[in-house]
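Undergrad: Pasting in a structure now, in structure tokens, and then I'll have a few things to ask.
What follows draws every value from the coordinates through simple rules; no lab data is involved. Not measured: the values here are computed from a predicted model. We place every Cβ from the backbone using ideal geometry, glycine too, and count neighbours over all the protein chains shown.
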Amino acid sequence: MTTETTADSSLIHSNERLDDLQCKGYYIIQDPKRFCFGIDAVLLSDFAKAKRGEKVLDLGTGTGIIPILMEAKTNAAHLTGLEIQPDSADMAFRSVKYNHLEDKIDIVQGDIKQASEIFGNDSFEVVTTNPPYMIEQHGIQNPDDAMTIARHEVCCNLEDIIRESSRLLKQGGRFYMVHRPFRLAEIFSKMVEHKIEPKRMRLVHPYVDKEPNMVLIEGYKGGKSRLTVEKPLIVYKEPNVYTEEIYQIYGY
């Protein structure tokens, strides 16, 4: 167990908690009243690949979970997280600082719709994103609420994310996203429209006998048309008990 120093402890506010990521001794700061990361972010950080020397950008990074996990799991030279919500961006920055990763990870507050203006075209070898899944605005009480922004396409939509990813990626660069299977047709259509060719896909099922509720996608900017469908990933073998592969991904 890591012992907190006085300086480290000062990075965590009274309403927040410090969660052990079970990976290289890294921790993440989260506010239980805001949107906390879920298994989709963990699965995406495992599915995404970054080679030695490559630069990675995570669009809509939230509290920085994907850059921190990818720093632990890959040989990326540098990672950047872009987040529109000031409070989430601040938590992400403090988590980076808590883990002493300031030289490896940058957190930038900004709008995904302006990402290519912020960073410039052809700036990254890898772009990752765990975007809002829901299109429907019905029933939204507060469009500025952190959980609403994380779950619904309030601040950006699928078109914005894929368009900006294409602009940000170098030719041959890789795009990684976790999303919902019910939007696959739209996802693939938008990817192809913006010159990101779907190359690899893996469906995620809650149980072996249940339909998938997540999909992991890899695309290449300027790639040739050929899609590999990997074997399904099963999350639970019984209620509250992960499969061995999920335990391995989590590092248990």
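Undergrad: Shape of region 188-252 from its Cα gyration tensor (a ≥ b ≥ c, root eigenvalues): rounded if a/c is under 1.5, otherwise prolate when a/b > b/c, or oblate?
TA: prolate
Undergrad: Here is a further query. Using Cα pairs under 8 angstrom and six or more residues apart, how large is the relative contact order of the chain, in percent?
TA: Relative contact order for the chain comes out at 15 percent.
Undergrad: Could I ask something else about it? Considering the chain, what Rg and Dmax in Å follow from its alpha-carbon atoms?
TA: Calculated on Cα positions, Rg and Dmax stand at 17.6, 54 Å.
Undergrad: What aspartates and glutamates could a cross-link reach from residue 224, if we take a straight Cα to Cα line under 16 Å and drop same-chain neighbours fewer than 8 places away?
TA: 193, 197
Undergrad: Where does each of 80-90, 55-65 land if you order them by average Cβ count within 10 Å, highest first?
TA: 55-65, 80-90
Undergrad: Right, another one. Hey, could you grab the Kirkwood Rh for region 3-139? Inverse mean 1/r over distinct alpha carbon pairs, Å, one decimal.
TA: Here the Kirkwood hydrodynamic radius works out to 15.3 Å.
Undergrad: Take the Cβ-Cβ distance between residue 100 and residue 209 as r, set R0 to 41 Å, and report the resulting FRET efficiency rounded to the nearest 0.05.
TA: The formula returns an efficiency of 0.40 here.
Undergrad: Once you charge only the Cβ atoms, +1 for Lys and Arg and -1 for Asp and Glu, what is the size of the charge dipole of the chain about its Cα centre, to the nearest 20 debye?
TA: 1040 debye
Undergrad: Let me ask another. Highest first, please rank the peptides 239-250, 166-177 by the mean number of other Cβ atoms sitting within 10 Å of their residues.
TA: 166-177, 239-250
Undergrad: Something else now. Determine the calculated [θ] at 222 nm for the chain from helices alone, applying -39500 (n - 2.57) to every DSSP H run no shorter than 4 residues and normalising by the residue count; nearest 500 deg cm²/dmol.
TA: Helix contribution divided over all residues of the chain: -8000 deg cm²/dmol.
Undergrad: Please enumerate, by chain and number, the lysines with C-alpha under 19 Å from the C-alpha of residue 221, excluding those fewer than 8 residues away in the same chain.
TA: The reachable lysines, counting only those whose Cα sits under 19 Å from residue 221, are 49, 51, 55, 113, 170, 190, 195, 199.
Undergrad: Right, something else. Cross-link partners among lysines for residue 237, C-alpha distance below 21 Å, same-chain residues fewer than 8 apart left out?
TA: 210
Undergrad: So how do 205-212, 27-34 stack up, highest first, on mean other-Cβ count within 10 Å?
TA: 27-34, 205-212
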